[in-house]
């Protein structure tokens, strides 16, 4: 990214400014990092009631099979992701990864089967590369569109369903990872029961022209507060979810990243469509032999947060290197510092004591299971 | 005597001892603090050296020593409850007391009017 190029704005930019948000550059966009409420309260409010996030910077992509058969789009996309797309039912969504030839992760994304097309949501920082990657490999079989006329918001938290039910009663029939079309205040929206906070909730794709109106009406509900990127990061970290560019990137493989659950049986060794994605040899080898390192949860024993980039050692003197922290901060809901990172295979067992180098000191941290909170997805 | 630095610290100077903290503006910019690390009494620090570290939910920031001196006391209350820095930055949320090597050096710091102009 050219540092001098002007920051892009989402359709909700004026709304953020009017709400008093502190705006920061993120993935080329001018985005709200926090509102006057503050990161701590925004985080806690999302887990107690409902938080509304602008995630319009993320890429929304439509893959339409030229044959008219959704199976053709699914099989085409399976050439780029180690995920079972073919078995994804209509109006169901699934987490996925784009891999490269070395088995590294190019991006993580959501794939939804919308009946006559596939709908993808990809990371803001990767969306142009992702779209070019899709065009390069799939344009023979699919018509591809990177939507630039849709906003995307997330409504997350235990009150999200009740809030949305006031606009659309059928929302209660959706379960985790269902997708539906519905009119909210007469605006046609695409809603998925998903999110990235560990809470039950929804992501709502809205035509840009109506996005501010729909969002303002949701914010009128007393249970809903606007939430910035600061709390989005602490919420996803407590939920053990990866941030692309921090916790996963082209140097990490899905097995190293502890994302085996994202690769269904059909694509693994012995599966109906074994391999057939970039880097399959590496990824299937990792499944069979284990990876040399693994992403784990890390709980600092003390009060000091341990941030991404901190080196991990097996000893308190910093002699035996054990790994590196990739994300870390304070977890407002668990009320202690939380982190995740990669450690060598010898140190992955829960309860293993390691030491993180922070400002020249070696602070004790304990390897622990992720997530740090209990997710409340409505399965 | 109340003085300020362009690093957003305040100093309340009584005799040759300065009580040092961060300004309300700095506390607001940092957001909710979750961790504070303070220097130990007896530590000698040069002006500009890292004296303390504060961490918000999002990020860590250093607090610099505003003048040459020796730490004579640190405020354990903000270590126990970092939120005190946000709620009362220029009162109960003070950081440390610094015995100044050269009290006259404080004259070169900003007065309140100059600091207010800086953050305006």
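Rule-based calculations on the coordinates, nothing more; no lab input. If you're wondering where the values come from, they're calculated on a predicted model, not measured in any experiment. All Cβ positions, glycine included, derive from the backbone under ideal geometry; neighbour counts span all protein chains shown.
Key figures
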| quantity | calculated |
| --- | --- |
| GNM flexibility winner over chain A from A:275, A:89, A:51 (Cα, springs under 10 Å) | A:89 |
| Neighbour-count order for B:1, A:311, A:174, fewest beta carbons within 10 angstrom listed first | B:1, A:311, A:174 |
| Approximate spin-label separation residue A:335-residue B:50, in nm, with each point projected 7 Å along Cα-to-Cβ | 2.9 nm |
| Exercise: per-residue mean of other protein chain Cβ atoms within 10 Å, A:39-47 | 2 |
| Over 21 Å [Cα-Cα, the stretch A:149-277], rounded percent | 51 percent |
| In Å, descending, principal axis extents of the Cα set of the protein assembly as shown | 84, 54, 40 |
| Relative compactness, the stretch A:293-379, computed as alpha-carbon Rg over 2.2 N^0.38 Å | 1.04 |
| Computed over the stretch B:2-119: relative contact order in percent, which uses C-alpha pairs under 8 Å that are six or more apart | 32 percent |
| Nearest-0.05 FRET efficiency for residue B:99 and residue B:2, computed from C-beta distance (R0 22 Å) | 0.75 |
| Most mobile of A:249, A:183, A:233 in a GNM of chain A (Cα contacts under 10 Å) | A:183 |
| For chain A: relative contact order, % (alpha-carbon pairs under 8 angstrom, 6 or more apart) | 18 percent |
| Fluctuation leader among A:16, A:57, A:137 - chain A, Gaussian network, Cα springs under 10 angstrom | A:137 |
| Overall form of chain B per C-alpha gyration tensor (a/c, 1.5; a/b vs b/c) | oblate |
| Three semi-axes of the equivalent ellipsoid, the stretch A:2-67, Cα gyration tensor, whole Å, largest first | 26, 19, 10 |
| Descending principal axes extents, the stretch A:119-216, alpha-carbon based, whole Å | 43, 29, 24 |
| Number of partner chain Cβ atoms within 10 Å, mean per residue of B:28-35 | 5 |
| Average beta-carbon neighbours from other chains, 10 Å sphere, peptide B:57-63 | 6 |
